[in-house]
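Notes follow the structure.
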Amino acid sequence: MSDLTLQDWVARAQSLTIEGRAFIDGAYVDAADGNTRPTQNPATGEVLAQVASCGPVDSDRAVASAKAVFEAGTWSNLAPAERKKVMVRWAELIEANAEELALLESLDVGKPISDTLNVDVPAAARTIRWSGEAIDKFYDQVAPTPHDTLALVTRLPLGVVAAIVPWNFPFSTTAWKIAPAIATGNSVVLKPASNTPLTALRVAGLAKEAGLPDGVLQVLPGPGGSLGSHLAKHMDVEGLTFTGSTPVGKMLMGYAGESNLKRTFLELGGKSPNIVFADANLEKAAAMAATAVFYNGGQTCTAGTRLLVQRSIHDEFMAKVIEHAQGWMPGNPLDPATSMGPMVDEAQYNTVAEYVRIGCDEGATLAFGGKRVEVTAGGYYHEPTIFTGANNQMRIAQEEIFGPVMTVIPFDTEAEAIAIANDSIFGLAGAVWSRDINVAHRVAKAVRVGTMGINNYFGGDMTVPFGGFKQSGNGRDKSMHAFDDYTELKTTWVEFD
Ligand code: NAD
């Protein structure tokens, strides 16, 4: 915990040095054509920094450097125990610079400083340390073959991996990608979201300081359409790891097919069901129902945006949820007391406002919120918002809004709850609340999602895999299962004379 006040953070923000250049081949450089793009503070709309806007020339240069270092074996053939040392040092440097990184992330994304300091930055450090520490304990296999043979099943890194990440958890999703990719010996070219590049640029410099060889991690800020697609189609990129929206994920699968069938792993959108039965601990469930949607302003892929409530407790339960929603009114992200900041930019604010209009037009009841809030001049703040009386066919129940908007759907029976939960193109996360172990486990098993909570929401840590079913993606971040996405299996079959 930090005892810095709002005034302290504002003062630090004013004297912060922001690196906006790309990181290629171990050095900060301008884009080849000198192009830049401003990155804005969503709390004020002010320009924070001019950031390099890279294009295909920069991307070719970064991929060539990543490929050269991979082929030289400087990192890819380094003993796992040596790779571990560098990654642990890197995690320590992140921790040593935690306040600066947290401030950068808050300014760039609009996230509350208490979240960036206590959640995002520690999560990124832990991911890098955990992956480094795991890599020298990760054994390959000997297959159960006939006695005059020996069959080795070994894992080899892919080569150059392109990582493309979104703006909602820029630092932690970056770590989820680069840590297992680098631990397993790959070289990475990272493209942060064009509106939130700052912590990724800073962490690349820390990686160099920790001893990561030049070319193993490069960061190219720039637009998705031109730079991202160029990387995704690149013939020297062997792996593509992506977190972002489902439509862009589908395009990336296409690019891989058009080019070299690079291994492509996607973490995409969600519309996650949070199912509350009448026998649940209603106090805890109500508090978490609000957290599940309003945390990070609802800009969370796993947000529990569809709240399914058993009809017999609906009114009593929703009164409690609305009480908790009042605790999520937006505030200045640099105030340590703030729980929810602004939307990341004007476009995202407009999307949220448009869905509030759609929900009203569809006939749902606006039970709480729904309006813009003025916290700091120029900021894109939206109230926590709750629609009751919805059904699962409405657009506000089917489409990912990516804002602080909860859609509440009543149900009567367990079978009905499961059917509603599964009636979605997505399958990322969900939760069930019940004191009956049979109901809880039956429902948890039947709901087709990658992560399901029982009597909690947002449960999980670095030890468990994270990813989606259906159109929420493939592949898995976190845990040793993440290593599968960044390695090829090789069989070596030996016969004895
Ligand atoms: P987005 O898909 O618009 O952008 C993600 C990244 O892809 C950005 O870096 C963007 O520049 C890049 N991009 C855009 N078009 C591209 C193209 N044609 N080719 C290559 N790259 C391209 O997503 P966003 O708006 O930044 O993030 C929000 C989305 O991310 C939501 O759908 C959310 O659910 C999802 N998300 C998923 C997870 C998960 O783990 N499943 C986690 C966080 C966010």
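The values are calculated or read from the model by the stated rules, or taken from the named source; none is laboratory data. Not measured: the values here are computed from a predicted model. Positions of Cβ are generated from backbone atoms using ideal geometry, with glycine treated the same way; all protein chains shown enter the neighbour counts.
Looking at segment 179-198, can you tell me whether even one residue there is away from the ligand (no atom under 16 Å from the Cβ) and assigned to a helix (DSSP H, G or I)?
We begin by selecting, within segment 179-198, every residue away from the ligand (no atom under 16 Å from the Cβ); these are 182-187.
Now restrict to residues that are assigned to a helix (DSSP H, G or I): 182-183.
Yes, there is a match, as at least one residue in segment 179-198 is away from the ligand (no atom under 16 Å from the Cβ) and assigned to a helix (DSSP H, G or I).
Against the definition (touching a residue at least 60 places away in the same chain (Cβ under 8 Å), within 16 Å of the ligand (Cβ to nearest atom) and buried (at least 21 other Cβ atoms within 10 Å of the Cβ)), how does Leu201 come out, yes or no? Yes; evaluated as a whole, the condition is true for this residue. Considering Ile454, Ile437, Ile425, the condition of being within 16 Å of the ligand (Cβ to nearest atom), among the β-branched types (Val, Ile, Thr) and modelled with pLDDT of 95 or more is satisfied by Ile425 alone. Criterion applied to Ile178, Ile94 was being more than 17 Å from Thr241 (Cβ to Cβ) and not assigned by TED's automatic domain parsing to the domain that holds Gly341, and the one residue passing it is Ile94. Can you say whether Pro404 is without any contact (Cβ under 8 Å) to a residue 24 or more places away in the chain, in contact with a strand residue (DSSP E or B) (Cβ under 8 Å, 6 or more places away or on another chain), within 16 Å of the ligand (Cβ to nearest atom) and not aromatic (Phe, Trp, Tyr), as far as the supplied structure shows? No; evaluated as a whole, the condition is false for this residue.
Summed over segment 477-497, the residues that are buried (at least 19 other Cβ atoms within 10 Å of the Cβ) and assigned to a strand (DSSP E or B) give a count of 2. The lone criterion from (1) surrounded by fewer than 19 Cβ atoms within 10 Å (Cβ to Cβ); (2) touching a residue at least 24 places away in the same chain (Cβ under 8 Å) left unmet by Ser15 is number (2).
Among the conditions (1) in contact with a Ser or Thr (Cβ under 8 Å, 6 or more places away or on another chain); (2) more than 14 Å from the ligand (Cβ to nearest atom); (3) within 27 Å of Asp136 (Cβ to Cβ), Lys208 misses just one, which is (1).
Selection of segment 213-240 for residues being touching a Leu at 6+ places or on another chain (Cβ under 8 Å) and more than 8 Å from the ligand (Cβ to nearest atom) yields Leu217, Gln218, Val219, Leu220, Pro221, Val237, Glu238, Gly239, Leu240. Of all the criteria given as (1) within 16 Å of the ligand (Cβ to nearest atom); (2) surrounded by fewer than 23 Cβ atoms within 10 Å (Cβ to Cβ); (3) more than 26 Å from Asn422 (Cα to Cα), the one not satisfied by Asp335 is (1). Selection of segment 26-38 for residues being crowded, with 17+ Cβ neighbours inside 10 Å and on the phi > 0 side of the Ramachandran plot yields only Gly26.
Regarding Val29, is this residue modelled with pLDDT of 95 or more, touching a Ser or Thr at 6+ places or on another chain (Cβ under 6 Å), over 23 Å from Gln348 (Cα atoms) and β-branched (Val, Ile, Thr)? No: the conditions fail for Val29. Enumerate the pairs (first residue in segment 381-393 and assigned by TED's automatic domain parsing to the domain that holds Ile322 and touching a residue at least 40 places away in the same chain (Cβ under 8 Å); second residue anywhere and assigned to a loop (DSSP other than H, G, I, E, B) and of a type in the set (Lys, Arg)) with beta-carbon separation below 7 Å, excluding pairs fewer than 6 apart on the same chain, so at least 6 apart or on different chains. Final answer for the pair search is Glu383/Lys371. For segment 380-389, filtering for residues that are farther than 20 Å from Thr302 by Cβ and either crowded, with 21+ Cβ neighbours inside 10 Å or within 16 Å of the ligand (Cβ to nearest atom) (or both) leaves 4.
Considered as a group, the residues in segment 299-331 that are under 25 Å from Thr376 (Cα atoms) and β-branched (Val, Ile, Thr) include one that is nearest to the ligand (Cβ to nearest atom), and that residue is Thr300.
Given the criterion farther than 21 Å from Met288 by Cα, within 23 Å of the chain's Cα centre (by Cα) and loosely packed, with under 15 Cβ neighbours inside 10 Å, identify the matching residue among Glu399, Glu346.
Working: Glu399 fails: loosely packed, with under 15 Cβ neighbours inside 10 Å.
Exactly one residue qualifies, and that residue is Glu346.
Give the residue that is surrounded by the fewest Cβ atoms within 10 Å (Cβ to Cβ), with candidates limited to residues of segment 256-279 that are away from the ligand (no atom under 11 Å from the Cβ) and within 30 Å of Pro404 (Cβ to Cβ). In this case the residue turns out to be Asp279.
Residues are listed down the side, and each one gets a yes or a no for (1) touching a helix residue (DSSP H, G or I) at 6+ places or on another chain (Cβ under 6 Å); (2) touching a residue at least 40 places away in the same chain (Cβ under 8 Å); (3) not polar (S, T, N, Q):
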site: Lys320; (1), (2), (3): yes, no, yes
site: Met329; (1), (2), (3): no, yes, yes
site: Pro342; (1), (2), (3): no, yes, yes
site: Ala347; (1), (2), (3): no, no, yes
site: Val352; (1), (2), (3): no, yes, yes
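Only one entry of Ser114, Ser2, Ser106 meets the criterion of being at pLDDT below 95 and out of contact with any strand residue (DSSP E or B) (no Cβ under 8 Å at 6 or more places or on another chain), and that entry is Ser2.
From the list Leu104, Leu117, pick out the single residue that is away from the ligand (no atom under 16 Å from the Cβ), surrounded by fewer than 24 Cβ atoms within 10 Å (Cβ to Cβ) and assigned to a helix (DSSP H, G or I). Steps first, please.
Numbers: Leu104 fails: surrounded by fewer than 24 Cβ atoms within 10 Å (Cβ to Cβ).
Every option except Leu117 fails the conditions.
Consider segment 227-243. How many of its residues are out of contact with any helix residue (DSSP H, G or I) (no Cβ under 7 Å at 6 or more places or on another chain) and surrounded by fewer than 24 Cβ atoms within 10 Å (Cβ to Cβ)? Selection size over segment 227-243: 2.
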